[in-house]
Amino acid sequence: MADLNDPARLAELHQVLLRDDADAILDSCVERAAELAQAPMALVSLIVRHIQLFRAHRGLPPELCVSCATSRSSSFCQLVVRQEAPLIVEDAVHDERVPKELVERYGIRAYAGVPIRVRRHVVGSFCVLDVVPRGFGPRVLEGLERLAAEVGARIEVLESDAPPPSRTVRERLAWFEQTARTLEHALGAIAPVIAEAQSAAATLPEAPPASLSPADLRAAVDCYRDMFAIAAELAEDAMLLSRSSPAETAAEIALATRSLARDMVEIRPLIRLAEGVLQGTLDERAAARAAHVVRDALAAHETASAAVRRILATVERARATEAW
């Protein structure tokens with residue numbers, strides 16, 4: 001049984017998480033899967049620490065198309081990754097293995113998912129879903145496994161992208177500290193909006209969501225976008241540093257910065273929902289309903305803040321011991 005929070009497993013999902021653009025190969029795979037299974041929905045679902053992230057999808061409800069994620073704890077795909085084996089659900093209402101939140105909220109009744117493997121680890125599930133009870137024959141399962149192999153190979157290609165070298169060791173160290181302090185302040189600034197989203201998610205469906213001003217939402221979105229780009233660059237530089245320096249603290253900074261970048265990815269579904277409200281494609285109730293589904297993404301804000309503190313502590317220790 002796989003550990004969903006295994007750092008080695010999560011480390012296979014870095015570049016593919018940071019990239020927010022559509023991928024033609026992954027999109028083609030979900031289209032072919034939906035056609036093969038004659039199912040209305042198909043997904044490339046990557047299981048991270050707090051959420052399942054849809055890296056490619058077809059047929060999702062509008063708010064999930066916007067957020068591209070749900071809570072990991074409510075997902076069927078977590079079971080595929082945990083067991084490292086295919087999962088067939090013919091009627092989710094009567095299947096005790098699966099969480100019922102997506103069944104009740106979106107009417108998911110049938111599911112077939114197979115592991116997505118990247119090198120030695122299962123990183124997600126390649127799956128099809130239906131809103132009526134049904135079976136999936138051997139031909140469908142075999143086809144999904146072939147397509148999942150294509151998906152895994154594509155993720156390996158995306159993960160192999162490497163940035164060019166930059167900055168000396170001492171320049172990077174100073175930049176890590178400066179950047180981490182900037183991110184620390186930015187995470188503090190966005191905290192009230194995250195708290196408001198958490199409150200809205202907790203009160204549904206009993207009460208309408210509290211209204212955030214467009215200015216607050218726009219500020220949160222802009223703040224996040226800046227933080228995301230900075231955290232991604234920080235993680236890439238830290239990996240280069242760990243490869244060029246034997247110091248133990250270099251490896252610690254690399255781990256903390258990659259953790260931070262993944263946390264920022266897990267906050268992104270909430271930011272997408274905020275953008276949907278600002279652009280008028282989602283009303284606040286629909287956005288809050290989706291925020292309820294991705295409620296575990298809210299925890300990523302706390303772990304991102306903790307990762308920033310670890311980076312600062314490690315940099316200070318390195319300077320104190322003159323490790324470099």
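Is it the case, given these coordinates, that Ala251 is modelled with pLDDT of 80 or more, open to solvent by less than 10 Å² (accessible area, probe 1.4 Å), more than 25 Å from Arg72 (Cα to Cα) and out of contact with any strand residue (DSSP E or B) (no Cβ under 6 Å at 6 or more places or on another chain)? It is false that Ala251 is modelled with pLDDT of 80 or more, open to solvent by less than 10 Å² (accessible area, probe 1.4 Å), more than 25 Å from Arg72 (Cα to Cα) and out of contact with any strand residue (DSSP E or B) (no Cβ under 6 Å at 6 or more places or on another chain). One residue alone among Ala215, Ala207, Ala201 is of a type in the set (A, V, I, L, M, F, W, C), open to solvent by 60 Å² or more (accessible area, probe 1.4 Å) and at pLDDT below 75, and that residue is Ala215. When the residues of the stretch 38-58 are filtered to those that are under 17 Å from Gly143 (Cα atoms) and of a type in the set (A, V, I, L, M), the one that is farthest from the chain's Cα centre (by Cα) is Ala39. The one condition from (1) acidic (Asp, Glu); (2) open to solvent by 20 Å² or more (accessible area, probe 1.4 Å); (3) in contact (Cβ under 8 Å) with a residue 12 or more places away in the chain; (4) more than 29 Å from His14 (Cβ to Cβ) that Asp130 does not meet is (2).
Counting only helices (runs of 4 or more DSSP H) that sit completely within the stretch 1-99, those holding 2 or more residues that are among the charged types (D, E, K, R) and open to solvent by 20 Å² or more (accessible area, probe 1.4 Å) correspond to 24-37. Scanning the stretch 100-120 for residues being in contact (Cβ under 8 Å) with a residue 60 or more places away in the chain, open to solvent by 10 Å² or more (accessible area, probe 1.4 Å) and assigned to a strand (DSSP E or B) gives a total of 0. Could you check, for the stretch 312-323, whether at least one of its residues is charged (D, E, K, R), open to solvent by 20 Å² or more (accessible area, probe 1.4 Å) and at pLDDT 85 or above? No: the stretch 312-323 contains no residue that is charged (D, E, K, R), open to solvent by 20 Å² or more (accessible area, probe 1.4 Å) and at pLDDT 85 or above. A search for C-beta distances below 8 Å between a residue of the stretch 238-267 that is farther than 20 Å from Ala306 by Cβ and outside any helix (DSSP H, G or I) and any residue that is of a type in the set (A, V, I, L, M, F, W, C) and open to solvent by less than 10 Å² (accessible area, probe 1.4 Å), counting only pairs 6+ apart in sequence or on different chains, returns Ala247/Ala318.
The values are calculated or read from the model by the stated rules, or taken from the named source; none is laboratory data. In this text, all values refer to a predicted model and were calculated from it rather than measured experimentally. Methodologically, a virtual Cβ is constructed for each residue, glycine included, from the backbone with ideal geometry; neighbour enumeration extends over all protein chains shown. Ligands, DNA and RNA are excluded from the accessible area calculation, which covers all protein heavy atoms including side chains. Shrake-Rupley method; radii C 1.70, N 1.55, O 1.52, S 1.80 Å.
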